[in-house]
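The values are calculated or read from the model by the stated rules, or taken from the named source; none is laboratory data. These figures come from a predicted structure and were not determined experimentally. Cβ placement follows ideal geometry from the backbone for every residue including glycine, while neighbour counts extend to all protein chains displayed.
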Amino acid sequence: MGIMRVTMEVGSDGVAVITICNPPVNALAPPNIRVSYWNSDLIRRRIEDFGCFDSVIAGLKEKYREAMKRDDVKAIVLTEEPKVKLPVTGALSSTFDYTTMRTGEGGKFSGGFDINVFQNVHNKGDISLLPDVSVDLVVNTMEDAKKPSVAAIQGLALGGGLELTMGCHARVAAPKTQLGLPELTLGVIPGFGGTQRLPRLVGMSKAVEMMLLSKPIISEEGKKLGLIDAIVSSEELLKVSRLWALDIAQRRRPWMASLHRTDKLGSLSEAREILKVARQQAKQTAPNMPQHQACLDVIEEGVVFGGYSGVLKEAKVFKELVLSSTSRGLVHVFFAQRATSKVPNVTDVGLKPRYIKKVAVIGGGLMGSGIATALLLGNISVVLKEINSEYLQKGMKAIEANIRGLVTRGKLTQDKAEKALSILKGVLDYSEFKHVDMVIEAVIESISLKQSIFSELEKACPPHCILATNTSTIDLNLVGEKTRSQDRIVGAHFFSPAHVMPLLEIVRTEKTSAQVILDLMTVGKTIKKVPVVVGNCTGFAVNRTFFPYSQGAHILVNLGVDVFRIDRLISTFGMPMGPFQLQDLAGYGVAKAVGKEFAAAFPDRTFRSPLVDLLVNSGRNGKNNGKGYYIYEKGRKPKPDASVLPIIEESRRLTNIMPGGKPVSVNDQEIVEMILFPVVNEACRVMDEGVVVRASDLDIASVLGMSFPSYRGGLIFWADSIGPGHIYTSLKKWSEAYGNFFKPSKFLEERATKGMPLVRTLSQFLIYDQRTCFVFFSFKVTSVDNIVYAGPVPYKHTRRIILLDGNTFVVSMVYHFTVTLTICAPCRWLTQINHESKCPQSLFQILITWLDFVTYLHHGHEQKLPWYRGRYEFPMFNP
Ligand SMILES: C[C@H](O)CC(=O)SCCNC(=O)CCNC(=O)[C@H](O)C(C)(C)COP(=O)(O)OP(=O)(O)OC[C@H]1O[C@@H](n2cnc3c(N)ncnc32)[C@H](O)[C@@H]1OP(=O)(O)O
């Protein structure tokens, strides 16, 4: 048997326990592997050995059919396997290392439908890859069965996972189990009947809230609402569920089919009123996302025409939405976010994160107090250092206000707030620093000040202490220049407000040790940030990439375009606000300081606009003093300020870039593109220089750091959806008309002229050169790793190659064994490569290096692959 499986055990009590097992989150995968893809007998044999053709959905159907047929089965309990070990058969089993295998880890009922399938549909455009689960499995097989089912849930039941449980006749859950329908975050709606059953179980208002906000509840709340019938400890879960199922079968408890209930729906007019309000809210909060209105329409269908009609409409709309560009973007973001936690040579070299218990923050200003707040909320003790007691008091008060504010807004309990504040200490010297595991410096952007602080830190802190700086622009090599601790120096670039914004940009230099990066990544996750590891350069990945954002806007204004029109169009595109309102919000001091840094680093592509200086001279400082491009009044939306127009005219006069002295005529689309294409252009340079590990890291950084619309998939995904060709041609045209700022980078030019996307997946190089060829991989693995198992199973601690059709080819490893494997596959199937190995000499890394080598051979020029190049020997090459 393989590790993705569904099993059934019938007890002497007549209860069949059907168990789902598909680690790590029991995703509900449909069958989709075709053995004919693989010519290797070894792989085929392995797949068959482990029974990997099972899919969770097919398995569920099969086991239900068996349970219905068997006379000794009276009722069913649906649950998940809490502990899993991969069984190994055959000659290799004795050497199999079980310690590397992931287990069920205390149980997760299900993270929902397998999101890989969405990606598969997106890649192939083939909607038939989506199975009919909603009617065939949930309605016909489970809910309308002649024997009752009880779901025994622990850990989490999300999306399709929760929907399966709602198709059961009762739900018993362990304490603190997470229950939710987060499908809208993937650009779709619940597709296994959730839009119909949830309102029938918890009432219309709560169901609409849970779906539209994609916010899970815990089982305790679920019990109060009626979603959960009983809460029992994990140990008792199965026992109570069995009894419950028997009670239903023997009519001691009600046999409830959720879809047929109406008692919680309220009257038609009440339901319609709730839906109307929700529609208006969604129009405001999610204007470019069709799934919100679609979800409400589908709910309404069920209220008006009955649950079954609702289920049918849901299935139809679900399929339409899976193909939408919104879903493509959001699904990409889902996987891109998870990919950020895989950093070559950091997370794949067997290092373990060290425990960071206490962190010192230097500087209690806006950033320092925000960082300290985030750490305290993550239960990490903080020592806040300032230079005098006045500043220290200010910093401490700001932290307290941040934390108390969360209590007021109902986001934190009073107890947790007190606990967080109790582990904060303010200091004026370094004496406490001998006990800290990490320092995060957050003082003003002055190289000499930072250099002297880091020299002092080297003396004051223990040798293991991580020395991090929150600089947003300064070269880290300069910061650590006067120390001998450059392996401990790292950038921890938070975004303001640091306790709210989810991105943590971790900046490494060539000298920063892998351990330090791993530790900071772990701290980042502990404090609920998404850490993205990037290289060292002016502005690092995010600020550098977005540096042309306001520059482009300033060029446009000086070319005669209205500021407020620009802001309006950029907001309509999906950014939370336009570049000028953003400048108002950040304050002009920031704009000036950042502008100076970039002008020094990239003088060839800096546009010098006098506008900010003119604004400052006229007594404006943006939101800080209530006067900028907009007028800011308490409790009111920012209002465009007409009195700024003469200042803009003055700027235009000084720059004198309007052709013939007349404002340029540009359409709305061109305005958006003139601001965002230069950003894409800079992102190309960032990728070309190897500042990011992978293109999708820039997608995540743009979404979480700059609030680029996630439904567009992030900056690079969006650029690829438009096509590098159009971006290149437009930039070239503008550079000829308006100068170097728009000049296309070499990277963009190459991709555009070769008709290739910006995303550098190795296979795309191969596809490009060898459209129809087959690629043969041949490895002779003689060192540490060998293949013992291959199959279509997503699994931790394995090397995964995700194929174009969405299947995952998995290679697990065993040590101290030698084998030669030849994989033969058409190269067009290789689209994405994930890596998460423990051994530096892993087969996976050899594969990557090998592919890079092939790429290199085919292109005849050096690709910038700093993360892999030169570290591993090339394996046998046998095309
Ligand atoms: C028809 C239906 O209505 C449609 C659906 O059900 S759509 C799916 C709805 N479900 C969701 O949106 C839940 C998505 N998953 C999550 O939110 C989180 O993964 C979680 C809360 C389940 C677990 O979080 P956490 O423990 O931090 O682990 P996380 O790193 O996110 O995920 C672990 C692995 O499981 C994978 N995974 C999680 N949920 C998955 C899913 N539904 N399908 C496929 N893979 C999934 C992740 O990609 C990751 O893989 P990796 O290790 O190779 O990167």
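Does any residue of region 255-266 turn out to be closer than 19 Å to ASN116 by Cα, hydroxyl-bearing (Ser, Thr, Tyr) and surrounded by 19 or more Cβ atoms within 10 Å (Cβ to Cβ)?
For region 255-266, residues closer than 19 Å to ASN116 by Cα, hydroxyl-bearing (Ser, Thr, Tyr) and surrounded by 19 or more Cβ atoms within 10 Å (Cβ to Cβ): absent.
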Among the numbered criteria (1) without any contact (Cβ under 8 Å) to a residue 24 or more places away in the chain; (2) of a type in the set (S, T, N, Q); (3) surrounded by 12 or more Cβ atoms within 10 Å (Cβ to Cβ), which one does SER643 miss? (3)
Which of the residues that make up region 590-645 are assigned to a helix (DSSP H, G or I) and touching a Gly at 6+ places or on another chain (Cβ under 6 Å)? ASN624
Kindly indicate whether LEU238 is among the hydrophobic types (A, V, I, L, M, F, W, C) and under 26 Å from PRO709 (Cα atoms). no
So which of GLY626, GLY589, GLY622, GLY574 ends up being closer than 24 Å to ALA286 by Cα and in the same structural domain as ASP641 (by TED's automatic domain parsing)? GLY574
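From the list ASP132, ASP136, which residue is more than 16 Å from MET256 (Cβ to Cβ), outside any helix (DSSP H, G or I) and acidic (Asp, Glu)? Give the derivation first.
Numbers: ASP136 fails: outside any helix (DSSP H, G or I).
Sole residue among the options that is more than 16 Å from MET256 (Cβ to Cβ), outside any helix (DSSP H, G or I) and acidic (Asp, Glu): ASP132.
Got a number for residues in region 289-327 being aliphatic (A, V, I, L, M) and without any contact (Cβ under 8 Å) to a residue 24 or more places away in the chain?
So the first thing to find is which residues in region 289-327 are aliphatic (A, V, I, L, M), and the list is 289, 294, 296, 298-299, 303-304, 311-312, 315, 317, 321-323.
Pick out the ones that are also without any contact (Cβ under 8 Å) to a residue 24 or more places away in the chain and you get none.
Qualifying residue count, region 289-327: 0.
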Contacts under 7 angstrom Cβ, first residue in region 203-214 being under 12 Å from GLY180 (Cβ atoms), partner in a loop (DSSP other than H, G, I, E, B), 6 or more apart: MET210/LEU181; MET211/LEU181; MET211/PRO190; SER214/PRO182
Filter result for LEU321 (surrounded by 19 or more Cβ atoms within 10 Å (Cβ to Cβ), within 12 Å of the ligand (Cβ to nearest atom) and under 17 Å from SER721 (Cα atoms)): no
Of the conditions (1) crowded, with 22+ Cβ neighbours inside 10 Å; (2) in the same structural domain as VAL135 (by TED's automatic domain parsing); (3) part of a loop (DSSP other than H, G, I, E, B), GLY364 clears all except one; give me its number. (2)
Which listed residue is at pLDDT 95 or above and surrounded by fewer than 15 Cβ atoms within 10 Å (Cβ to Cβ), from ASN681, ASN656: ASN656
In region 16-45, which residue that is modelled with pLDDT under 50 and within 21 Å of VAL133 (Cβ to Cβ) is farthest from the ligand (Cβ to nearest atom)? ARG34
Checking the structure you have, find out if any residue of region 328-344 is free of Cβ contacts under 8 Å to residues at least 12 places away in the same chain, over 29 Å from LEU137 (Cα atoms) and surrounded by fewer than 21 Cβ atoms within 10 Å (Cβ to Cβ). yes
Picked from region 119-150 (must be within 16 Å of ILE20 (Cα to Cα) and more than 16 Å from the ligand (Cβ to nearest atom)), the residue surrounded by the fewest Cβ atoms within 10 Å (Cβ to Cβ) is SER149
All conditions in (1) in contact (Cβ under 8 Å) with a residue 12 or more places away in the chain; (2) out of contact with any helix residue (DSSP H, G or I) (no Cβ under 8 Å at 6 or more places or on another chain) are true of SER448 except (1)
Top-ranked residue in region 345-361 [being β-branched (Val, Ile, Thr) and away from the ligand (no atom under 16 Å from the Cβ); ranked as surrounded by the fewest Cβ atoms within 10 Å (Cβ to Cβ)]: VAL349
Out of everything in region 566-614 that is polar (S, T, N, Q) and closer than 21 Å to GLU682 by Cβ, what residue ends up being surrounded by the most Cβ atoms within 10 Å (Cβ to Cβ)? GLN583
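If I ask for residues that are part of a loop (DSSP other than H, G, I, E, B) and of a type in the set (Lys, Arg), which ones from region 691-739 would you list?
ARG694
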Evaluate the following for LYS394: is it part of a helix (DSSP H, G or I), away from the ligand (no atom under 16 Å from the Cβ) and modelled with pLDDT of 95 or more? yes
A careful count of residues in region 114-151 that are under 14 Å from ASN26 (Cα atoms) and of a type in the set (Gly, Ala, Ser) gives 0
Quickly run through region 722-741 and pick out the residues that are within 16 Å of THR606 (Cα to Cα) and in contact with a Pro (Cβ under 6 Å, 6 or more places away or on another chain). LEU731
